[in-house]
Amino acid sequence: MELFAMGEYGAYVWSSFGLTLIVLIVCVVQARRRHRKTISDIRLRLRAMETIE
Amino acid sequence: MWNFIHKLASPPHFYKLSAKMVPWFTIAGVLLVLYGSIAGLFLAPPDYQQGDAFRIIYVHVPAAYLSMMTYVIMAISAGIGLIWRMKLAHAVAAAAAPLGAWFTFLALITGSIWGRPMWGTWWEWGDPRLTSELIMLFLYFGYMALRNAIDDTVKADRASAVLVLVGAVNVPIIHFSVEWWSSLHQGPTLVREGGPAIQTAMLYPLLAMIFGFTFLFAALLLSRVRTEVLFRERRAHWVRDLVLSAEEAA
Amino acid sequence: MPGLGQGLTAIIKRDLLLAWKRPGDVLNPLFFFAMVSALFPLATGPSPEQLALNGPGVLWVAALLATLLSLNSLFLSDHEDGSLDHLILSAQPLTLLAFGKTVAHWLVAGLPLVLVSPLVALTFQMPGRTVGVMMLTLTLGTISLSLIGSIGAALTVGLHRGTALLSLLILPLAMPVLIFGARTVALAAADDAVAAGVYFLAAYCMLALTLAPFATAAALKISNE
């Protein structure tokens, strides 16, 4: 546990690392969602056009 | 060689090629960041002056460096897009912007958290580096706002390209601000005459984090550009075939 | 074909004439400047020490906001009545014409601001020597702002909610001007050396003078396609 205390700076160090991790995860999740949505939007449009033809 | 670059500029080729690169970049990035974090947090000795608080450097420096590198990439892509009218270049600039904004935000926040125990303050309005990094964040916001406000993709590409290039003046200001003006922020540690001013036990994890973050950034950027390319080329045949084929997962 | 000098003076004259017919273009930003400056003592209380302390900053922020307000109309009327197309297609280089319009804008919006500023400064208990420095910094600053602002105005001309976007785009580039302008005036009030700040403002102004017209011209062409 003493390892995690980081002197008296534990809160500062861990919040920095934690925030960084969260931001990275958010970026990844956002990118994947956007990709999936783009593909499904295109698919929807293509299907719609097929039914019109 | 020119054939390779020429092929790369073609969206379907880029899409296929980048699909292979993303996993490798991700793995390299994760491994380096894991090593850098563990070594930086637990193996590197505490700093003589700052104690364990200095360990924030292992996230702060990569974030700050990437916030500037992203802008440089955006500016170069914007320039290429404007001069050679390469659609892919514009797509790169568009995809990079949110990433750059996030890294700038991270740099500011981790810097602030680090500054609290070290300088006694969460923020220092008079500081040139803090101010110019904040300006950087606003430049990213302005870029994204302008893109958003223009409906036509080509027009949005070109207008935002001009904006990025105009704002590029800020990047050297951020980097040299600590040398030109008196600042709370310390001077350059790595890129200076006489080599890095930091002992190896602390240096190697830092380098690992910088490279690791860069690989992760590259992976993120490439995936975002792929999405961007799909959207821009949505009417093309190759996109149709790709989307309708069952193999296209995530 | 008329020479470059003639082209420049022609566009400046034209814009000045248009502004003459619409005094609001000059007066509105001035009133705004005066009123925003008045807001601060109304809000923070009239103690003379506080006023003297805050004066440089308040005046500079007010000047910046007033300039932002005036920038939106730089290309707007030309865009609306189609003369912008003519300017772009003209035989004169667009960079020159964009520069000319910016000069006219400063004469109409920036210069009056500089001339009116001593009146407002007096209400902030600003000593005489400081007023001189303030006018100098405001001159250099408003020129820079007109130049940088013309880029933003060109990028956002005709866009929905253009003014807000324009301000958002300009502010990052205007911040150094504000910082050094206000700080230099504060230094003058404290009888400290002002040369460094003035040099910075002059350098920024030079940079804007040499680069902004090109960016503005490029932005105009792009916005008007």
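The values are calculated or read from the model by the stated rules, or taken from the named source; none is laboratory data. It should be emphasised that the depicted structure is a prediction, and the values quoted were computed from it without experimental measurement. Here the Cβ is made from the backbone with ideal geometry for all residues, glycine too, and neighbour counts use every protein chain on show.
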Inspect all residues belonging to segment B:208-215 and state whether any of them is over 27 Å from B:Ala89 (Cα atoms) and within 27 Å of the chain's Cα centre (by Cα). yes
Within segment B:42-50, is even one residue buried (at least 20 other Cβ atoms within 10 Å of the Cβ), at pLDDT below 90 and not in a helix (DSSP H, G or I)? yes
Give the residues of segment B:156-179 that are without any contact (Cβ under 8 Å) to a residue 60 or more places away in the chain and more than 10 Å from every other protein chain (Cβ to nearest Cβ), sorted by residue number. B:Pro172, B:Phe176, B:Ser177, B:Val178, B:Glu179
Condition first: closer than 21 Å to A:Thr20 by Cα and surrounded by fewer than 20 Cβ atoms within 10 Å (Cβ to Cβ). Now tell me which residues in segment B:139-161 satisfy that. B:Phe141
Among the residues of segment B:223-245, is any touching a residue at least 60 places away in the same chain (Cβ under 8 Å), surrounded by 16 or more Cβ atoms within 10 Å (Cβ to Cβ) and among the small types (Gly, Ala, Ser)? yes
So the helices (runs of 4 or more DSSP H) completely within segment C:1-113 holding 3 or more residues that are under 21 Å from C:Met135 (Cα atoms) are C:24-44, C:48-71, C:94-105
Only one residue in C:Thr142, C:Thr137 is farther than 15 Å from C:Val194 by Cα, of a type outside the set (Gly, Ala, Ser), buried (at least 24 other Cβ atoms within 10 Å of the Cβ) and in contact (Cβ under 8 Å) with a residue 24 or more places away in the chain. Which one? C:Thr142
For segment A:31-38, does any single residue satisfy the condition of being closer than 21 Å to B:Arg232 by Cβ and more than 7 Å from chain B (Cβ to nearest Cβ)? yes
Please go through segment B:53-75 and pick out each residue that is β-branched (Val, Ile, Thr) and crowded, with 22+ Cβ neighbours inside 10 Å. B:Ile56, B:Ile57, B:Val59, B:Thr70
Filter result for the condition that a residue is buried (at least 19 other Cβ atoms within 10 Å of the Cβ) and modelled with pLDDT under 90, over C:Ser37, C:Ser77, C:Ser73, C:Ser47: C:Ser73
Return the pair list, or none, for Cβ contacts closer than 7 Å from residues in segment B:86-109 that are away from chain A (no Cβ under 11 Å) to residues that are among the small types (Gly, Ala, Ser) and surrounded by fewer than 23 Cβ atoms within 10 Å (Cβ to Cβ), at least 6 apart or on different chains. B:Met86/B:Ala9; B:Leu88/B:Ala9
Evaluate segment B:167-177: report whether one residue or more is more than 30 Å from C:Ala154 (Cβ to Cβ), modelled with pLDDT under 90 and surrounded by fewer than 17 Cβ atoms within 10 Å (Cβ to Cβ). no
Filtering segment B:111-155 down to residues that are more than 10 Å from chain C (Cβ to nearest Cβ), more than 25 Å from B:Trp181 (Cβ to Cβ) and among the charged types (D, E, K, R) yields B:Arg147
Flag for C:Ala182 being within 11 Å of chain B (Cβ to nearest Cβ) and either part of a helix (DSSP H, G or I) or touching a Phe, Trp or Tyr at 6+ places or on another chain (Cβ under 8 Å) (or both): no
From C:Ala208, C:Ala212, C:Ala202, residue being in contact (Cβ under 8 Å) with a residue 24 or more places away in the chain, more than 12 Å from chain B (Cβ to nearest Cβ) and in a helix (DSSP H, G or I): C:Ala202
Of everything in segment C:145-167, what is buried (at least 22 other Cβ atoms within 10 Å of the Cβ) and at the interface with chain B (Cβ under 9 Å from one of its Cβ atoms)? Give them in sequence order. C:Ile148, C:Ile151, C:Gly152, C:Ala154, C:Leu155, C:Thr156
Against the conditions (1) facing chain B (nearest Cβ under 8 Å); (2) at pLDDT below 90, where does A:Ala48 fall short? Just the number, please. (1)
Any residue in segment A:18-43 that is modelled with pLDDT of 95 or more sitting within a Cβ distance under 6 Å of a residue that is of a type in the set (Gly, Ala, Ser) and surrounded by 14 or more Cβ atoms within 10 Å (Cβ to Cβ)? List the pairs, counting only those 6 or more apart or interchain. A:Ala31/B:Ser223
